[in-house]
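Shown next, in C-alpha coordinates, is the structure this report addresses.
The values are calculated or read from the model by the stated rules, or taken from the named source; none is laboratory data. This one's a predicted model, so the numbers in the text were calculated from it and none came from an experiment. Ideal geometry is used to build each Cβ from the backbone, glycine not excepted, and the neighbour counts take in all protein chains shown. Heads up: the accessible areas ignore ligands, DNA and RNA and are worked out on the full protein's heavy atoms, side chains in. Shrake-Rupley method; radii C 1.70, N 1.55, O 1.52, S 1.80 Å.
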Amino acid sequence: MIRPHVLVAGAGIAGPSLAWWLSRRGWRVTVVERARALRTGGQAVDFRGPVHRAVLERMGLWEAIHERRTRLGTQAFVDATGRTVAELPALMMSGDVELQRGDLCQLLFERTRDQVEYRFGDSPTDLHETSEGVEVGFEHHASQRFDLVVGADGLRSNVRSRVFGDDDGRLKHHGFRVVGCTLPNVLGLRQRGVIYSEPGRGVCVTSARADDEARALFVFTGAPLGPQERSPDVAREAVSAAFTGAGWRTAQLVEALRGAEDLYFDAISSVRLPRYSHGRVVLLGDAAWGGTLGGQGTPMAMVGAYVLAGELLANPGAHAQAFARFESRLRPYATKCQGGASHVGGFFAPRTRAGLFLRNHLYGLLTTKPLERAFEKLVTHAATGFVLPDYT
Ligand SMILES: Cc1cc2nc3c(=O)[nH]c(=O)nc-3n(C[C@H](O)[C@H](O)[C@H](O)COP(=O)(O)OP(=O)(O)OC[C@H]3O[C@@H](n4cnc5c(N)ncnc54)[C@H](O)[C@@H]3O)c2cc1C
(Lines give C-alpha, C1' and ligand atoms only; values in the text may rest on other atoms or scores of the structure.)
Protein backbone atom coordinates (compact mmCIF):
# COMPACT_ATOMS: atom_id res chain seq x y z
CA MET A 1 0.00 0.00 0.00
CA ILE A 2 1.98 2.98 -1.21
CA ARG A 3 -0.77 5.53 -0.92
CA PRO A 4 -3.59 3.52 0.64
CA HIS A 5 -7.14 4.21 -0.45
CA VAL A 6 -9.64 3.95 2.39
CA LEU A 7 -13.41 3.89 2.11
CA VAL A 8 -15.17 5.43 5.10
CA ALA A 9 -18.92 4.83 5.35
CA GLY A 10 -20.64 7.67 7.22
CA ALA A 11 -20.10 11.45 7.20
CA GLY A 12 -21.18 11.97 10.82
CA ILE A 13 -18.47 12.74 13.38
CA ALA A 14 -16.23 9.66 13.41
CA GLY A 15 -15.87 9.39 9.61
CA PRO A 16 -14.75 12.96 8.85
CA SER A 17 -12.48 12.94 11.94
CA LEU A 18 -10.64 9.88 10.67
CA ALA A 19 -10.58 11.31 7.16
CA TRP A 20 -8.93 14.44 8.54
CA TRP A 21 -6.05 12.50 10.12
CA LEU A 22 -5.43 10.15 7.22
CA SER A 23 -5.77 12.62 4.35
CA ARG A 24 -3.30 15.07 5.84
CA ARG A 25 -0.71 12.26 5.81
CA GLY A 26 -1.29 11.62 2.12
CA TRP A 27 -3.79 8.76 2.29
CA ARG A 28 -6.64 8.75 -0.23
CA VAL A 29 -9.95 8.81 1.56
CA THR A 30 -13.42 8.44 0.08
CA VAL A 31 -16.34 9.08 2.44
CA VAL A 32 -19.69 7.69 1.34
CA GLU A 33 -22.76 9.05 3.11
CA ARG A 34 -26.22 7.59 2.68
CA ALA A 35 -28.00 10.92 3.15
CA ARG A 36 -28.12 13.33 0.21
CA ALA A 37 -26.46 16.07 2.26
CA LEU A 38 -24.61 16.42 5.53
CA ARG A 39 -26.92 15.48 8.43
CA THR A 40 -26.58 18.47 10.73
CA GLY A 41 -29.42 17.58 13.10
CA GLY A 42 -29.10 16.70 16.76
CA GLN A 43 -28.80 18.29 20.15
CA ALA A 44 -25.76 19.70 21.88
CA VAL A 45 -22.69 17.51 22.36
CA ASP A 46 -19.92 18.20 24.84
CA PHE A 47 -16.25 17.64 25.60
CA ARG A 48 -14.85 17.28 29.10
CA GLY A 49 -11.43 16.77 30.63
CA PRO A 50 -7.88 16.73 29.26
CA VAL A 51 -8.21 13.71 26.94
CA HIS A 52 -10.97 15.28 24.87
CA ARG A 53 -9.23 18.62 24.88
CA ALA A 54 -5.91 17.15 23.72
CA VAL A 55 -7.56 15.51 20.70
CA LEU A 56 -9.33 18.73 19.74
CA GLU A 57 -6.11 20.69 20.14
CA ARG A 58 -4.14 18.21 18.04
CA MET A 59 -6.77 18.63 15.33
CA GLY A 60 -6.55 22.40 15.67
CA LEU A 61 -10.24 22.58 16.56
CA TRP A 62 -10.26 23.87 20.11
CA GLU A 63 -10.63 27.55 19.19
CA ALA A 64 -13.20 26.93 16.47
CA ILE A 65 -15.29 24.84 18.85
CA HIS A 66 -15.07 27.52 21.52
CA GLU A 67 -16.32 30.11 19.06
CA ARG A 68 -19.37 27.93 18.43
CA ARG A 69 -20.05 26.96 22.06
CA THR A 70 -23.60 27.03 23.39
CA ARG A 71 -22.70 28.88 26.65
CA LEU A 72 -25.39 26.91 28.41
CA GLY A 73 -25.44 27.47 32.17
CA THR A 74 -27.12 25.37 34.84
CA GLN A 75 -30.03 23.01 34.35
CA ALA A 76 -32.68 22.53 37.01
CA PHE A 77 -34.91 19.64 38.01
CA VAL A 78 -38.34 21.20 38.46
CA ASP A 79 -41.50 19.84 40.06
CA ALA A 80 -45.04 20.09 38.70
CA THR A 81 -45.35 23.67 39.97
CA GLY A 82 -42.12 24.71 38.23
CA ARG A 83 -40.21 24.99 41.52
CA THR A 84 -36.52 24.04 41.31
CA VAL A 85 -35.74 20.92 43.34
CA ALA A 86 -32.06 20.64 42.38
CA GLU A 87 -29.74 22.75 40.24
CA LEU A 88 -27.24 20.85 38.10
CA PRO A 89 -23.96 22.66 37.36
CA ALA A 90 -23.01 23.37 33.75
CA LEU A 91 -20.04 20.97 33.97
CA MET A 92 -22.35 18.01 34.52
CA MET A 93 -24.65 18.58 31.57
CA SER A 94 -22.42 20.59 29.19
CA GLY A 95 -18.83 19.59 30.07
CA ASP A 96 -15.97 22.06 29.52
CA VAL A 97 -17.30 23.09 26.14
CA GLU A 98 -20.54 22.26 24.39
CA LEU A 99 -21.72 22.92 20.84
CA GLN A 100 -24.52 21.81 18.59
CA ARG A 101 -23.81 18.48 16.93
CA GLY A 102 -24.64 20.04 13.56
CA ASP A 103 -22.03 22.79 14.02
CA LEU A 104 -19.36 20.19 14.71
CA CYS A 105 -20.43 18.06 11.77
CA GLN A 106 -20.26 21.09 9.48
CA LEU A 107 -16.87 22.15 10.85
CA LEU A 108 -15.34 18.71 10.27
CA PHE A 109 -16.74 18.63 6.75
CA GLU A 110 -15.33 22.07 5.95
CA ARG A 111 -11.90 21.09 7.28
CA THR A 112 -11.74 17.95 5.11
CA ARG A 113 -13.74 18.59 1.95
CA ASP A 114 -10.73 19.78 -0.10
CA GLN A 115 -8.58 16.69 0.62
CA VAL A 116 -11.29 14.05 0.87
CA GLU A 117 -13.74 12.75 -1.72
CA TYR A 118 -17.28 12.93 -0.34
CA ARG A 119 -20.05 10.97 -2.06
CA PHE A 120 -23.50 11.78 -0.76
CA GLY A 121 -26.65 9.80 -1.41
CA ASP A 122 -24.92 6.44 -1.71
CA SER A 123 -24.23 3.42 0.43
CA PRO A 124 -22.17 0.21 0.24
CA THR A 125 -24.27 -2.78 -0.74
CA ASP A 126 -21.64 -5.45 -0.89
CA LEU A 127 -18.22 -5.98 0.66
CA HIS A 128 -16.02 -8.73 -0.68
CA GLU A 129 -12.52 -9.15 0.66
CA THR A 130 -9.72 -10.43 -1.54
CA SER A 131 -5.97 -10.68 -0.98
CA GLU A 132 -5.64 -7.30 -2.73
CA GLY A 133 -8.25 -5.33 -0.84
CA VAL A 134 -12.01 -5.04 -0.47
CA GLU A 135 -14.28 -4.98 -3.52
CA VAL A 136 -17.17 -2.69 -2.61
CA GLY A 137 -20.47 -2.54 -4.44
CA PHE A 138 -22.57 0.62 -4.07
CA GLU A 139 -26.21 1.48 -4.52
CA HIS A 140 -25.36 4.02 -7.23
CA HIS A 141 -21.63 4.20 -7.92
CA ALA A 142 -19.79 1.48 -9.85
CA SER A 143 -18.01 -1.18 -7.77
CA GLN A 144 -14.56 -0.20 -6.64
CA ARG A 145 -11.62 -1.72 -4.80
CA PHE A 146 -10.27 -0.16 -1.58
CA ASP A 147 -7.35 -1.15 0.60
CA LEU A 148 -9.38 -0.77 3.77
CA VAL A 149 -13.00 -0.07 4.72
CA VAL A 150 -14.09 1.80 7.84
CA GLY A 151 -17.68 1.53 9.06
CA ALA A 152 -18.37 4.89 10.73
CA ASP A 153 -22.05 4.65 9.86
CA GLY A 154 -23.60 5.01 13.27
CA LEU A 155 -25.50 2.97 15.83
CA ARG A 156 -27.30 0.91 13.19
CA SER A 157 -24.24 0.39 11.05
CA ASN A 158 -24.80 -1.11 7.63
CA VAL A 159 -21.14 -2.11 7.39
CA ARG A 160 -21.41 -3.88 10.74
CA SER A 161 -24.41 -5.94 9.71
CA ARG A 162 -22.77 -6.86 6.39
CA VAL A 163 -19.55 -7.98 8.04
CA PHE A 164 -20.74 -9.31 11.40
CA GLY A 165 -24.34 -10.28 10.51
CA ASP A 166 -27.38 -10.47 12.83
CA ASP A 167 -27.48 -6.78 13.56
CA ASP A 168 -30.44 -6.77 15.94
CA GLY A 169 -28.52 -9.05 18.26
CA ARG A 170 -25.76 -6.43 18.49
CA LEU A 171 -27.94 -3.79 20.15
CA LYS A 172 -28.78 -4.03 23.83
CA HIS A 173 -31.98 -2.12 24.52
CA HIS A 174 -32.16 -0.19 27.81
CA GLY A 175 -35.95 0.14 28.00
CA PHE A 176 -36.32 3.80 26.96
CA ARG A 177 -36.98 5.83 23.84
CA VAL A 178 -35.81 9.35 23.10
CA VAL A 179 -37.10 12.11 20.83
CA GLY A 180 -34.99 15.22 20.34
CA CYS A 181 -35.97 18.34 18.39
CA THR A 182 -35.92 22.11 18.15
CA LEU A 183 -39.04 23.88 19.44
CA PRO A 184 -40.16 27.49 19.78
CA ASN A 185 -38.83 28.83 23.11
CA VAL A 186 -42.22 28.59 24.81
CA LEU A 187 -40.59 28.52 28.28
CA GLY A 188 -38.59 31.71 27.62
CA LEU A 189 -35.27 30.09 28.61
CA ARG A 190 -32.00 32.06 28.42
CA GLN A 191 -28.74 30.06 28.67
CA ARG A 192 -30.27 27.51 30.96
CA GLY A 193 -32.25 24.31 30.96
CA VAL A 194 -35.03 22.58 32.90
CA ILE A 195 -35.86 18.92 33.41
CA TYR A 196 -39.29 17.75 34.45
CA SER A 197 -39.85 14.08 35.24
CA GLU A 198 -42.63 11.74 36.23
CA PRO A 199 -42.28 7.97 36.63
CA GLY A 200 -41.30 6.56 33.24
CA ARG A 201 -41.31 9.88 31.37
CA GLY A 202 -39.29 13.07 31.41
CA VAL A 203 -38.62 16.12 29.29
CA CYS A 204 -35.50 18.27 29.21
CA VAL A 205 -35.64 21.70 27.56
CA THR A 206 -32.62 23.94 27.06
CA SER A 207 -32.19 27.32 25.45
CA ALA A 208 -30.71 27.42 21.94
CA ARG A 209 -28.48 29.92 20.15
CA ALA A 210 -31.43 31.85 18.75
CA ASP A 211 -33.49 33.38 21.57
CA ASP A 212 -36.77 32.24 20.07
CA GLU A 213 -35.72 28.59 19.88
CA ALA A 214 -35.21 25.81 22.44
CA ARG A 215 -33.95 22.24 22.27
CA ALA A 216 -36.15 19.54 23.74
CA LEU A 217 -35.48 15.94 24.65
CA PHE A 218 -38.41 13.70 25.49
CA VAL A 219 -37.37 10.46 27.22
CA PHE A 220 -39.90 7.72 28.02
CA THR A 221 -40.09 3.99 28.62
CA GLY A 222 -40.69 1.88 25.54
CA ALA A 223 -39.73 -1.12 23.46
CA PRO A 224 -36.95 -1.21 20.83
CA LEU A 225 -37.70 0.43 17.49
CA GLY A 226 -37.68 -1.08 14.02
CA PRO A 227 -36.23 0.98 11.12
CA GLN A 228 -39.71 1.83 9.79
CA GLU A 229 -40.80 3.20 13.17
CA ARG A 230 -38.26 6.01 13.42
CA SER A 231 -40.10 8.49 11.22
CA PRO A 232 -41.05 11.98 12.49
CA ASP A 233 -44.76 11.14 12.45
CA VAL A 234 -44.28 8.01 14.55
CA ALA A 235 -42.10 10.06 16.93
CA ARG A 236 -44.82 12.72 17.40
CA GLU A 237 -47.43 10.02 18.02
CA ALA A 238 -45.17 8.19 20.46
CA VAL A 239 -44.47 11.35 22.49
CA SER A 240 -48.10 12.35 22.46
CA ALA A 241 -49.14 8.90 23.77
CA ALA A 242 -46.35 8.66 26.34
CA PHE A 243 -46.98 12.15 27.82
CA THR A 244 -50.78 12.08 27.94
CA GLY A 245 -51.86 13.57 31.26
CA ALA A 246 -48.34 14.62 32.29
CA GLY A 247 -48.08 17.68 34.52
CA TRP A 248 -46.13 20.97 34.58
CA ARG A 249 -45.99 22.56 31.10
CA THR A 250 -45.59 19.28 29.30
CA ALA A 251 -48.81 19.58 27.26
CA GLN A 252 -47.55 22.87 25.81
CA LEU A 253 -44.27 21.23 24.79
CA VAL A 254 -46.00 18.23 23.24
CA GLU A 255 -48.21 20.62 21.30
CA ALA A 256 -45.13 22.57 20.11
CA LEU A 257 -43.59 19.29 18.96
CA ARG A 258 -46.28 19.01 16.28
CA GLY A 259 -44.59 21.79 14.29
CA ALA A 260 -41.01 20.55 14.85
CA GLU A 261 -39.15 19.37 11.78
CA ASP A 262 -35.71 18.18 12.86
CA LEU A 263 -36.91 15.21 14.91
CA TYR A 264 -34.40 12.67 16.16
CA PHE A 265 -36.10 9.49 17.35
CA ASP A 266 -34.48 6.34 18.66
CA ALA A 267 -34.53 3.69 21.35
CA ILE A 268 -31.81 4.03 23.97
CA SER A 269 -29.50 1.10 23.35
CA SER A 270 -25.82 0.15 23.26
CA VAL A 271 -23.77 -1.74 20.72
CA ARG A 272 -22.29 -5.00 21.96
CA LEU A 273 -19.61 -6.38 19.67
CA PRO A 274 -16.96 -9.05 20.29
CA ARG A 275 -14.49 -7.44 17.84
CA TYR A 276 -14.17 -4.05 16.17
CA SER A 277 -12.58 -5.43 12.99
CA HIS A 278 -12.78 -8.29 10.55
CA GLY A 279 -10.07 -8.64 7.93
CA ARG A 280 -9.67 -5.29 6.16
CA VAL A 281 -12.84 -3.83 7.63
CA VAL A 282 -12.92 -1.94 10.91
CA LEU A 283 -15.71 -0.19 12.81
CA LEU A 284 -15.38 3.24 14.40
CA GLY A 285 -17.56 5.48 16.57
CA ASP A 286 -21.17 4.54 17.26
CA ALA A 287 -20.91 1.62 14.84
CA ALA A 288 -18.40 -0.03 17.19
CA TRP A 289 -19.29 1.16 20.70
CA GLY A 290 -22.32 3.44 20.38
CA GLY A 291 -24.90 4.15 23.01
CA THR A 292 -27.80 6.30 21.84
CA LEU A 293 -27.49 8.91 24.57
CA GLY A 294 -25.29 9.49 27.59
CA GLY A 295 -22.35 7.43 26.31
CA GLN A 296 -20.17 10.37 25.22
CA GLY A 297 -20.59 9.21 21.64
CA THR A 298 -19.19 12.34 20.03
CA PRO A 299 -15.92 12.79 21.93
CA MET A 300 -15.43 9.02 21.82
CA ALA A 301 -15.82 9.09 18.03
CA MET A 302 -13.07 11.70 17.82
CA VAL A 303 -10.72 10.02 20.32
CA GLY A 304 -11.32 6.75 18.45
CA ALA A 305 -10.52 8.36 15.09
CA TYR A 306 -7.29 9.74 16.53
CA VAL A 307 -6.20 6.33 17.84
CA LEU A 308 -7.22 4.41 14.71
CA ALA A 309 -5.42 6.88 12.44
CA GLY A 310 -2.39 6.86 14.74
CA GLU A 311 -2.14 3.07 14.65
CA LEU A 312 -2.65 2.86 10.88
CA LEU A 313 0.02 5.48 10.25
CA ALA A 314 2.41 3.88 12.74
CA ASN A 315 1.98 0.42 11.20
CA PRO A 316 2.13 1.04 7.44
CA GLY A 317 1.07 -1.98 5.40
CA ALA A 318 0.12 -3.92 8.54
CA HIS A 319 -3.57 -3.22 8.98
CA ALA A 320 -4.21 -6.36 11.10
CA GLN A 321 -1.66 -5.20 13.63
CA ALA A 322 -2.98 -1.63 13.54
CA PHE A 323 -6.59 -2.78 14.07
CA ALA A 324 -5.56 -5.05 16.94
CA ARG A 325 -3.63 -2.29 18.68
CA PHE A 326 -6.47 0.19 18.10
CA GLU A 327 -8.93 -2.18 19.74
CA SER A 328 -6.74 -3.19 22.66
CA ARG A 329 -5.96 0.44 23.45
CA LEU A 330 -9.45 1.80 23.07
CA ARG A 331 -11.93 -0.89 24.05
CA PRO A 332 -11.68 -0.56 27.87
CA TYR A 333 -12.12 3.22 27.63
CA ALA A 334 -14.92 3.04 25.08
CA THR A 335 -16.77 0.40 27.10
CA LYS A 336 -16.52 2.47 30.27
CA CYS A 337 -17.84 5.62 28.59
CA GLN A 338 -20.57 3.65 26.83
CA GLY A 339 -21.83 2.59 30.27
CA GLY A 340 -23.50 6.01 30.60
CA ALA A 341 -26.13 4.95 28.04
CA SER A 342 -27.53 2.30 30.37
CA HIS A 343 -28.29 4.91 33.09
CA VAL A 344 -29.39 7.90 31.06
CA GLY A 345 -33.03 6.83 30.63
CA GLY A 346 -33.45 6.44 34.38
CA PHE A 347 -31.79 9.81 34.93
CA PHE A 348 -34.33 11.71 32.82
CA ALA A 349 -37.29 9.46 33.53
CA PRO A 350 -36.91 7.37 36.70
CA ARG A 351 -39.29 4.42 36.48
CA THR A 352 -40.92 4.79 39.90
CA ARG A 353 -41.96 7.54 42.34
CA ALA A 354 -39.38 6.28 44.81
CA GLY A 355 -36.71 6.44 42.09
CA LEU A 356 -37.70 10.00 41.25
CA PHE A 357 -37.59 11.03 44.90
CA LEU A 358 -34.16 9.44 45.32
CA ARG A 359 -32.78 11.06 42.17
CA ASN A 360 -33.87 14.54 43.22
CA HIS A 361 -32.46 14.16 46.72
CA LEU A 362 -29.24 12.58 45.56
CA TYR A 363 -28.51 15.39 43.10
CA GLY A 364 -29.66 17.97 45.63
CA LEU A 365 -26.99 16.61 47.97
CA LEU A 366 -24.25 16.06 45.39
CA THR A 367 -24.52 19.62 44.15
CA THR A 368 -24.01 21.21 47.57
CA LYS A 369 -20.80 23.19 48.15
CA PRO A 370 -19.01 20.61 50.39
CA LEU A 371 -19.43 17.91 47.74
CA GLU A 372 -18.49 20.15 44.81
CA ARG A 373 -15.08 18.51 44.20
CA ALA A 374 -16.39 14.95 44.52
CA PHE A 375 -19.22 15.73 42.14
CA GLU A 376 -16.82 17.20 39.60
CA LYS A 377 -14.81 13.99 39.70
CA LEU A 378 -17.93 11.91 39.32
CA VAL A 379 -19.03 13.66 36.13
CA THR A 380 -15.61 13.66 34.47
CA HIS A 381 -14.03 10.42 35.61
CA ALA A 382 -15.11 8.17 32.69
CA ALA A 383 -13.96 10.79 30.15
CA THR A 384 -10.57 11.27 31.79
CA GLY A 385 -9.77 7.57 32.25
CA PHE A 386 -7.47 7.17 29.26
CA VAL A 387 -3.86 7.90 28.45
CA LEU A 388 -3.82 9.36 24.98
CA PRO A 389 -1.04 7.75 22.90
CA ASP A 390 1.41 10.16 21.32
CA TYR A 391 1.83 9.34 17.64
CA THR A 392 4.12 12.21 16.71
C1 LIG B 1 -28.95 13.26 12.61
C2 LIG B 1 -28.26 12.83 13.89
C3 LIG B 1 -28.61 13.45 15.10
C4 LIG B 1 -27.99 13.07 16.28
N5 LIG B 1 -28.34 13.71 17.43
C6 LIG B 1 -27.72 13.39 18.57
C7 LIG B 1 -28.03 14.06 19.79
O8 LIG B 1 -28.88 14.92 19.80
N9 LIG B 1 -27.38 13.71 20.92
C10 LIG B 1 -26.43 12.75 20.91
O11 LIG B 1 -25.84 12.47 21.95
N12 LIG B 1 -26.11 12.08 19.79
C13 LIG B 1 -26.73 12.37 18.62
N14 LIG B 1 -26.42 11.69 17.48
C15 LIG B 1 -25.40 10.64 17.57
C16 LIG B 1 -24.00 11.24 17.62
O17 LIG B 1 -23.77 11.98 16.47
C18 LIG B 1 -23.02 10.08 17.73
O19 LIG B 1 -23.23 9.41 18.95
C20 LIG B 1 -21.57 10.48 17.77
O21 LIG B 1 -21.32 11.72 17.26
C22 LIG B 1 -20.73 9.44 17.06
O23 LIG B 1 -20.69 9.77 15.71
P24 LIG B 1 -20.64 8.73 14.54
O25 LIG B 1 -19.97 9.46 13.44
O26 LIG B 1 -20.08 7.43 14.99
O27 LIG B 1 -22.16 8.44 14.19
P28 LIG B 1 -23.25 9.42 13.57
O29 LIG B 1 -23.03 10.81 13.98
O30 LIG B 1 -24.56 8.78 13.85
O31 LIG B 1 -22.96 9.37 11.99
C32 LIG B 1 -23.17 8.23 11.21
C33 LIG B 1 -23.36 8.68 9.77
O34 LIG B 1 -23.44 7.50 8.95
C35 LIG B 1 -24.45 7.68 7.99
N36 LIG B 1 -24.92 6.38 7.52
C37 LIG B 1 -25.80 5.55 8.12
N38 LIG B 1 -25.99 4.46 7.36
C39 LIG B 1 -25.21 4.60 6.28
C40 LIG B 1 -24.99 3.80 5.13
N41 LIG B 1 -25.64 2.64 4.92
N42 LIG B 1 -24.09 4.24 4.19
C43 LIG B 1 -23.46 5.43 4.35
N44 LIG B 1 -23.66 6.24 5.42
C45 LIG B 1 -24.51 5.83 6.37
C46 LIG B 1 -25.50 8.48 8.74
O47 LIG B 1 -26.38 9.13 7.85
C48 LIG B 1 -24.64 9.45 9.52
O49 LIG B 1 -24.38 10.62 8.81
C50 LIG B 1 -27.03 12.01 16.27
C51 LIG B 1 -26.68 11.39 15.07
C52 LIG B 1 -27.29 11.78 13.88
C53 LIG B 1 -26.90 11.11 12.59
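Computed values, structure above
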{"read-out": "Theoretical FRET efficiency, 1/(1+(r/R0)^6), r = Cβ-Cβ of residue 229 and residue 84, R0 30 Å, to 0.05", "value": "0.25"}
{"read-out": "Distance between segment 224-287 and segment 296-372 - C-alpha centres, whole angstrom", "value": "19"}
{"read-out": "Residue 88 long-range amide H proximity, modeled H, under 5 Å", "value": "75, 76, 77"}
{"read-out": "Relative contact order [Cα under 8 Å, 6+ residues apart], segment 292-392, whole percent", "value": "32"}
{"read-out": "Label-to-label distance, nm, for residues given as residue 125 and residue 336 (7 Å Cα→Cβ offset)", "value": "4.4"}
{"read-out": "J(HN,Hα) series, segment 286-301, from Karplus relation 6.51 cos²θ - 1.76 cosθ + 1.60, nearest Hz, glycine and proline x", "value": "3, 4, 9, 9, x, x, 3, 8, x, x, 6, x, 6, x, 5, 4"}
{"read-out": "Under 5 Å, built H, 5+ apart or other chain: amide partners of residue 32", "value": "8, 9, 10, 119"}
{"read-out": "Surface share of carbon and sulfur [accessible, 1.4 angstrom probe, percent] for segment 20-106", "value": "43"}
{"read-out": "Length-normalised contact order for the chain - Cα pairs under 8 Å, 6+ apart - percent", "value": "21"}
{"read-out": "Where segment 350-392 is the region considered: accessible area per residue in Å², 1.4 Å probe", "value": "72"}
{"read-out": "FRET efficiency, residue 67 to residue 381 (Cβ-Cβ, R0 45 Å, nearest 0.05)", "value": "0.95"}
{"read-out": "Heavy atoms of residue 335: accessible area, 1.4 Å probe, square angstrom to 10", "value": "70"}
{"read-out": "Extended-chain gain in nm, criterion 0.36 nm per residue less alpha-carbon gap, residue 58 and residue 368", "value": "108.0 nm"}
{"read-out": "Cα-based shape type of segment 95-177, given that a ≥ b ≥ c are square roots of the gyration tensor eigenvalues and the cut on a/c is 1.5", "value": "oblate"}
{"read-out": "HN-Hα J in Hz across segment 53-62 - Karplus 6.51, -1.76, 1.60, θ = phi - 60°, x for Gly and Pro", "value": "4, 4, 5, 4, 5, 5, 8, x, 10, 4"}
{"read-out": "Phi to ³J(HN,Hα) by Karplus 6.51 cos²θ - 1.76 cosθ + 1.60 over segment 236-251, Hz, x for Gly, Pro", "value": "4, 4, 5, 5, 4, 5, 5, 9, 4, x, 6, x, 6, 9, 4, 4"}
{"read-out": "Residue-normalised accessible area of segment 1-140, given per residue in Å² at a 1.4 Å probe", "value": "44"}
{"read-out": "Prolate/oblate/rounded label for segment 339-392 (Cα gyration tensor, a/c 1.5)", "value": "oblate"}
{"read-out": "Hits among lysines - C-alpha to C-alpha of residue 172 under 26 Å, sequence gap 8 or more where chains match", "value": "336"}
